[in-house]
Amino acid sequence: MRKSERRKTAAARQATTKPAEAQPAQWRTTQETLIIAQISRTKLHKATKAGTFPRPIKIGKKCVWIDSEIKKWMGR
């Protein structure tokens, strides 16, 4: 099987397995997370370390939080 054929079959497989209503996750920077959660940077890091706040995802040198996890933590 050629590379182009493998790509086409992989793309077709992904297209059929994705739910139609799936929405991409929104990411929030540290500053946005602090504003939304209304907590200080120190409390954010302590709560993350303690496991009471969702863990960030590291993308390169940046840390981002998933918006839906923040809202779930807030009780929305």
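The values are calculated or read from the model by the stated rules, or taken from the named source; none is laboratory data. Remember, it's a predicted structure, so these values are computed and weren't measured experimentally. Surface accessibility is based on the protein's heavy atoms, side chains included, excluding ligands, DNA and RNA. Shrake-Rupley method; radii C 1.70, N 1.55, O 1.52, S 1.80 Å.
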When the residues of the stretch 36-45 are filtered to those that are assigned to a loop (DSSP other than H, G, I, E, B) and polar (S, T, N, Q), which remaining residue is most open to solvent (accessible area, probe 1.4 Å)? Gln38
Residue count for the stretch 46-76, restricted to those that are farther than 15 Å from Ala25 by Cα, modelled with pLDDT of 90 or more, of a type outside the set (A, V, I, L, M, F, W, C) and open to solvent by less than 100 Å² (accessible area, probe 1.4 Å): 4
